[in-house]
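Following: one structure in structure tokens, then a few remarks.
What follows is calculated from the coordinates using simple rules that are stated; it is not laboratory data. These numbers were taken from a predicted model, which means no experiment stands behind them. No Cβ is skipped: glycine too gets one built from the backbone with ideal geometry, and neighbour counts run over all protein chains shown.
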Amino acid sequence: MFKQLLLAQRQYRQISALGRRRHAYCQSGLFSASVGSLAHSRTASKRPLCIGRQSYSARLPHRQQQLQPPQRQRHDQSGGEGEGEGEGGSANKACWHCQQQNSPASLLCKNEKCAVIQAVGKGVNYYDVLLAGRPPSFEIDAAELRRNFLRSQQAVHPDSFSQRGQIERRLAEVQSSWINHAYATLKDPLHRAQYLLKLRGMEIGEADQIADPELLMEIMDTREEIEEATTDAQIAAIKARNDANIAAVTTGLASAFGSDALSRARQLTNRLQYLRRVAQAVHVWEPGKPVVISH
Amino acid sequence: MFSIVKQLAPRRLPSATFTKPVAAFVQSRFYHEKVIDHYENPRNMGSLDKHDPTVGTGLVGAPACGDVMRLQIKVDDNGEIVDVKFKTFGCGSAIASSSYITERVRGMNIDDALKIKNTDIAKELCLPPVKLHCSMLAEDAIKSAIKDFRMKRDGALRTA
């Protein structure tokens, strides 16, 4: 999903560059609005009438002025410099259309006459947009998160932007996928914990090793138990035990993050990751078939 | 020119992989045929008796993806690895890396086995960049197994 986000961002930059070039070309006054005058131009055969390709809204008076290039977007989800007291760490962003200063987490320009969709703010974290800028915490109100998510998507979903210009459409795509990613991250306790660790600079990297042999032995034994299980009753027992472990770890994570014990939180996050894999294995288990989980 | 590029970027995969088919190298979802071979026909899968004083057990895990790998080696008095078994719960690349490393260390001296680098494993299996950490896990597994064996042996010598 993150890769799609980057791709959308790259596409948006390419298309927006193309849009700017085309707009400048149309504004350059090298040709008139009649078809015949373009017969000699090389582009005539490919694009017969540039001005005809501008949408109605693009020819409105307030749109005729040169559109400023949009803010250079960086989906800085680490937010190392951006998190804190809401807008404290991240700079206000200027609207690409009317230059009005907006808060970094805003989705639409607050200028009533403008109200265009904004780019994702630099250094903005998921809590700024989906949980009203509250300090990042492990315990969240799931109902509020869902409400804010649905409300945000109503504002930025690309389906509502199908009749708008290219820049707005691209921004809508990027915003919408960013918000989807934010919601998925904050909704799931494991991803939320990993995100919180990332915000505090203690991200679990791919090259990290586990320093806890007891955890590994426990997980190894459980996975082998699942492989050797032959009846549903055995699997149900393993599942019950695993679910209880997951509940205990989630409670532990809440208190660890609450008391800012980050190394303990990191340990518990690792444990939760392994317990989740066990839960996946239990879920896909079928008698007589090898357990294969993909990630 | 190409050799200068190689020196400047020592962590990248060696040049041999650049001549391989693009699909196998670029797409992490399309496993290379060597990885598939190790996955479907794993070599030396199983376990040894961990209480045996000549057996060293290495147990490592990658927290980012939730993989766990166990590598056991049986070492004789000359320091030669006479038997090796592995068990891995993880993705195909992790299973292939551990399967390959068991093939590689069989018959090696433990001092030579310590010198195996993850880049050798990645090069042999043509692992894509996104799966390089699997080969690192295999390298750590063999190091951990040898360390465990040495601790056991030194402990036995002290008590003897």
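Express in % the proportion of alpha carbon pairs of segment B:108-160 at distances exceeding 12 Å. Roughly 67 percent, rounded to a whole number.
Hey, got the average number of other protein chain Cβ atoms within 10 angstrom for residues in B:55-65?
Details: counts 0, 0, 2, 0, 8, 4, 13, 9, 18, 9, 4.
For this peptide, the per-residue mean of nearby foreign Cβ atoms is 6.
Rounded to the nearest 20 debye, the dipole magnitude of segment A:87-187 is 200 debye, with +1 charges on Lys and Arg beta carbons, -1 on Asp and Glu beta carbons, and the Cα centre as origin. Net charge dipole, segment A:199-243: roughly 220 debye, given to the nearest 20, about the Cα centre with Cβ charges of +1 for Lys and Arg and -1 for Asp and Glu. Cross-link list B:Lys87/B:Lys143; A:Lys110/A:Lys187; B:Lys85/B:Lys115; A:Lys3/A:Lys113: which exceed 24 angstrom alpha carbon to alpha carbon? As for pairs spanning more than 24 Å Cα to Cα, those are A:Lys110/A:Lys187; A:Lys3/A:Lys113.
Return the ratio Rg/(2.2 N^0.38 Å) for segment A:213-283, where Rg is computed over Cα atoms only. The partial results should precede the final answer.
Values: Rg = 13.3 Å, N = 71, 2.2 N^0.38 = 11.1 Å.
In units of the 2.2 N^0.38 Å rule of thumb, it is 1.20.
Both the radius of gyration and Dmax for segment A:87-187 are 13.4, 40 Å, in that order, over alpha-carbon atoms. By the beta-carbon count within 10 Å of each Cβ, the least crowded to most crowded order of A:His157, B:His133, A:His283, fewest first, is A:His283, A:His157, B:His133.
Rounded to a whole number, what is D in µm²/s for segment A:123-178 from Stokes-Einstein with the Kirkwood radius over alpha-carbon pairs (25 °C, 0.890 mPa s)? Write out the running numbers ahead of the final one.
Numbers: Rh = 12.3 Å.
Estimated diffusion coefficient is 199 µm²/s.
Taking a straight Cα-Cα cut-off under 18 Å and skipping sequence neighbours fewer than 8 places away in the same chain, the aspartates and glutamates within cross-link reach of B:Lys123 are B:Glu33, B:Asp37, B:Glu103, B:Glu139, B:Asp140.
Over segment A:213-283, Cα pairs under 8 Å with separation of 6+ residues give a relative contact order of 43 percent.
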